Structure formats: C-alpha cells, structure tokens
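The values are calculated or read from the model by the stated rules, or taken from the named source; none is laboratory data. Quantities reported herein were computed from a predicted structural model and do not represent experimental measurements. Cβ placement follows ideal geometry from the backbone for every residue including glycine, while neighbour counts extend to all protein chains displayed. Calculation scope for accessible area: heavy atoms of the full protein, side chains included, ligands and nucleic acids excluded. Shrake-Rupley method; radii C 1.70, N 1.55, O 1.52, S 1.80 Å.
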Amino acid sequence: MSKTKTLKIIRNFTPDKILFSPGGKFKLALVQVAARLLPGRFAVWLSLLYDGEMQRQVQIKFGLRSLIPGSRAYNTPRLHLIVERNDWLTLQEDALGAITQSQDDASSEQTKPKSRMSLKPVFGLLRRLDRDIADLRGRIRINILEPDHTRTLTLALNDANICPTGSFLDVDIPRPILDRILSGELDPSSALLRDRIHISGDTGLAARLMNALNPLSTPPPSLPTPNTYVSLSDHPLDQEEINFDNVFDLFGIPARTAACVLRIDLRERQGNSFIFHARGYDVYRNRRMEMDHTYVTDDEMPYTKMTWRLDFLRADAYRVRLAVGDSVPDNFTPMIASDINDPKLEVTLEEYANYFLLYTSALSLKIYRRDFRTEVLDANGRKITESGGRQKTLFSTVLDSFPSGLIRDDKNGMDFAVENFTLSPDEAIYGFGEWFSTLNKRGQTVGLWAIDGMGNTSGRTYKNIPFFMSTAGYGVFVNHVLPMTFFVGSRSYVHNLLMAEGDSLDYYFFCGPSLKKITNAYTDLTGKSPVPPKWSFGLWVSRISYDSQDEVQETARRLRAEKYPADVIGVDTNWFDGEWQCDWKFGTRFPNPEGMFSQLREQNLRVCLWQWPYICEHLDIFEEAQEKGVLAEGGNFDMLLFKVRTLID
C-alpha cells in the first residue's frame, strides 16, 4: 500500500468517523452481519471510554449461534479492546507523524503482483480464537509513558469489565522510545534488550494469544529432538516441545502449573520453628522480558498460598518443608530413626527490610523476603551454598533451574517438588547410595529408584539413598520415598537441582564443614548401623555362579593351599534346583550344605548366599506366597524365560 493511501486510512481512523458517523455505523453493521456467518462461537468487543466512563461499545458476534436469542456464549467477549478517546487520538497522531517521515514505497507497490484473497486463513484464525484461548482470563496492557501522563491500550481476554482483573501482562514504553521506534531509528528488540521497554507479568497470556494468531510451525523431521540440543532430559518436567517462534513461550505453553516461592513473610515463631507465609508463582508464565531473569511479584499478580517452614533441630542442622495451604505435613517416614532436636538450642532471629537473619553458634541463614532464596553461611560468615533461588542465567527465554516450589503436570496428574542448591566452580558432590559411576557426581543426572542393575556399567542400581554431601561443607537428606531425580550440575551447570515426585517438599540440611561430621549428623537422624565384624572387611571371592557343592569346596581348598587371604566365599545364583529360581532350598547339586558350611568354617571362611525378593510363578512356593498375601501389586516382570513377582518387604 502506498504512503498516500496509508495516510488517508489513518486520518479517517478516528473515534468519531469509525463509531459515531452514519457511514461508520453502517460499515460496523455490515461487519456485524458478516461475522455471524463466519465460524466461531465468541464475541469481540470494543469499548471507547472518556475519562473512565463508557462512551460507546461495539460488540461483534461470530457464528450462527449468535442468531439464537439469549445465547450466553456471547455474554463475555473473547477479546475486549478498551481504549480512552484521548489516547486513541494521540496514538493516531503518532502513527501519522511516523508515516509522514517515512519513505514512499509507491513504486514497489506498483510492481508487486496482486494476489487473490483467501478466506481459509481467516477461518483458521477464528477457529483458533474460539478454541485455544477460551479458558484464558486476564489482560494485556500497553502503557505509553508520557512525562505527566500514561496512555493505555488494554486488551482483555474473556472479561467484559472495563477494569479487567486476573492475570496481566504489562508493556511499558516511554514516549521518546516509542517515537524512535516509529521513526525507524531504534529497533524494538534492541529497546527490549537494553531495558528501554519493560515487559512483565503473565507471559503465558501473550504466548497463548500469539500461538492462536500464529500457530506453531512443525520442525523438519531431520532435526534432532529439542531435548537433545537444549540440555533437557526425558524427565516428565522436561517433556514439552520448545517453541522458538514465540518469544513469550518457554516450553510450548506446557500443560503444567507451577507454584514456586518468590515471596515470603514470617507468620509466627514456635520455639526454634519458623513458619512463613509463602507466595507460589507460576514461573512458566511469570517473567520480566528483560536481560535479567526476574519475576513479577506485585500484589496484582496471581499466586498460590503456601507455607514454608524451617525447623532448627540443633546448631548445625535444620529441616525445610513446603506445601500448599496453611500448614505443612508431618511426613513421618521409616527413614527417620531418631529425634535430634536439641532442647537447649538457642536461635536468634533478626528482621531487616529485605531479609530475615537466623543464626546459631554454627551457621547463619539469610532468608530473602522477595526474590526468595536462602543463603547459608558458616560460623565465620563464609557462604556455603544458596538454596531455593531463581536460575543464574540472565536470559528470560529459558528455564534452566526452578526456584523452590511445587509443579503439577496437568496431563498425567503427577506432582513434583523442586529445590536447588548452587554449585561453586570447584565443588564436588558425593552420595546417593550405590552407584557405579565416579564418586564425584558433579555433571551427572542421578535418578533415584531401585531397579535391577543388570551389570555395573550404567545408572541402573539396587541401592538408592536420597542423601548427598558437598565439599563446600554441607549435606542434604531428602525425606521422600517416591522417585526423585538430581540434576547435579547437568541441567544447569551451577545448580544441583532436585525434582521429587509428591505434593510437598521435605529435607534436612547438615552443616559440616568436614564430610565426617556431616555423615555423623546424618546418621544421628537416620540411624547408625553397627560396625560389621572384622572378617567382613576382608577379601570376598565369588563368581556367577558356583554350580555345585564340590566346586565351592574345591575353591576353598585352593584358596588356602595357595595362601590367598580370603575371608568370604559368595555362592551366587545357582544353589537352587533351577538357576536364578530362588526358592530358599538347596538343590540336588548341594547334597550336604550343613557339612559344607562346617568345613568352610574350619578353614576360617564365611559364606554369603545370594537371594532375591522375587518369587517365580512356576514354583510351589508361589502358591504359599499368594495365600499369605505377601506379593506386591504390579511387581511382576519377565526374567530370562520365566515370570517372577516381587515380595513385600
């Protein structure tokens, strides 16, 4: 379109000519009639205000159902544009000025071939507006900041009020910046990156609206899956396609709802227990679109009411719990063996404008009211770690780590608790039970769920323990019994990120600084195992498997004859009649087990017998297990060529 035509259209685009003149009213009436013949079952409203009072409202209803009197589907507009008369006129003047100063492109328009108009894209757009944002409520507001006034253009979603409530997204543009953008002197992206335009609030509103207006493109099948090249995993919280076509969209508008703590305030103190009101915000949809990953925590922003509780147990240990509502669960688990509360413990509380300070003789905690996080410092004031805070990358278009909180996967109904601990450059992390990888788990993703190891060359493992220690001088025990995953500097290189199944968070923090002291504090809580007998620390000799009593005894004879300092012989999977088919009975190849044990004991050798908590369905003992009700539900699987069931512990 030529510059002359564009200027003519904008000059005629005044409130009086569009909404009040006979010609304008006639054109609007034609649009209203045509809209009823188009697909959809929703309405679009335009409300013109004068000093906050309604001057004119136009309602356009889409779909044949609008012809049915009293249809309630049209009582609330899908899109509701709200503008003040004076703001409309000022924006019109700005547009006229910008186009007047621009170059005329009439020559290029004359050579451009004319294309036939297709209604197919229009029909597709109307169907998406009807379907994709029907459950979305809130408002997007563009604020043009004048020296003495703010001019506002509001787009409400599914809200008939001229002062819409609910979720919001604000775009703040200073007038000089807008003038430079309209004149072409300043690029909008540059203005945003340099913090000259402020966009903040529920980015999910803008993302879903943009996806409705401009659907996701399908990537070519030759590209690798998104998780491959954006440092994500196969964890349920990572299972969404990233949408690179929509700047507001982190994870393709995931079907998940987060409640991550970004603000707290102390509710009460009960002895050495500190109970905080916590506000959980949906970090998938709450961001400031700036070169600094921060969130919007204004009172207007929707949030989930939560309780964050910190219990000091002794000078070097505390417990953290988080849940939705006014309290946290007691969460008694069989993993807690002892009460380690010190009745003489003294904890000091000091309140400052930005944070709460709690300290004992061994450590201090700085708990920030906004931009919530907990800094842990030792007795000398050295920072040990930081927990619960936001990610450290500045870019607001990624989410490498989650603040402390709860996330629900709306697709499968699963709940997850998330927590993080910062990692320093030279920090090592040890623990998590029996693992066949390196002792330092830094850089690894550790999934804690018992499964048959099938060897020792992978992350499959039998004995998982939700406890780790850091060379920074602390340890953490997670009091959860459901599956959990630790991203130990693997998802975000500067965080040890926890994702644990469940609708609450519960963990114990131990301050060292030595690993020995941390281990001692941890076992004070969970129980100390007795010191094993001296012989158990000797050499164990085993194979998979000795096939007979004679083979075991011959091995013992050679060990002693050749003077190997062995203390234990392990008889593995073949001391039954059928190999691996554990029925707790010696097979015919072991005719005199009592005599075998006696002889080995005389040779100062102990015996370790392999067994497993599974019952083979074809064995006689399976019927006994069924009768006694000791078979676990869902614990059946194939093992080689026979089926087995899991025993209840």
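Quick rundown of the values:
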item: Backbone HN-Hα couplings from phi across region 339-351 [Karplus 6.51/-1.76/1.60, Hz, Gly and Pro as x]; result: 8, 9, 4, 9, x, 9, 5, 10, 10, 9, 10, 10, 10
item: 25 Å Cα-Cα threshold exceeded, pairs from Lys305/Lys463; Lys383/Lys516; Lys534/Lys563; Lys383/Lys517; result: Lys305/Lys463
item: Degrees between helix 515-526 axis and first principal axis of the chain (Cα, 0 to 90, nearest 10); result: 90 degrees
item: Rounded D (µm²/s) - region 251-335, Kirkwood Rh over Cα pairs, Stokes-Einstein at 20 °C, 1.002 mPa s; result: 146 µm²/s
item: Global geometry of the chain, whether rounded, prolate or oblate, following the gyration tensor of its Cα atoms and the 1.5 cut on a/c; result: prolate
item: For peptides 257-267, 427-437, sequence by mean Cβ density within 10 Å, most packed first; result: 257-267, 427-437
item: Value of relative contact order over the chain, rounded to a whole percent, pairs C-alpha under 8 Å and six or more apart; result: 7 percent
item: By average C-beta atoms within 10 angstrom, highest first, the peptides 325-334, 71-80; result: 71-80, 325-334
item: Prolate/oblate/rounded label for region 516-623 (Cα gyration tensor, a/c 1.5); result: oblate
item: Acute angle (nearest 10 degrees) that the helix 549-561 long axis makes with the longest principal axis of the chain, alpha-carbon atoms; result: 80 degrees
item: Apportionment of accessible area to carbon and sulfur, region 381-510, percent (1.4 Å); result: 58 percent
item: Shape category assigned to region 113-205 from the gyration tensor of Cα positions, a/c cut at 1.5; result: oblate
item: Estimated vicinal HN-Hα couplings, Hz - region 410-416 in sequence order (Karplus 6.51, -1.76, 1.60; Gly, Pro = x); result: 6, 6, 9, x, 7, 10, 9
item: Under 14 Å from the Trp612 label point (7 Å along Cα→beta-carbon), backbone N, region 518-558; result: 544-545
item: Accessible area in square angstrom per residue, region 439-488, 1.4 angstrom probe; result: 43 Å²
item: Burial ranking of peptide ranges 84-95, 621-632 (average Cβ count within 10 Å, highest at the top); result: 84-95, 621-632
item: Whole-number Å³ per residue for the convex hull built on Cα positions in region 415-520; result: 97 Å³
item: Derived scalar couplings ³J(HN,Hα) [region 21-29; Karplus, 6.51 cos²θ - 1.76 cosθ + 1.60; whole Hz; x for Gly, Pro]; result: 6, x, x, x, 5, 5, 5, 4, 5
item: All lysines inside 17 Å of Lys25 as judged from Cα atoms, apart from same-chain residues fewer than 8 positions distant; result: Lys17, Lys61
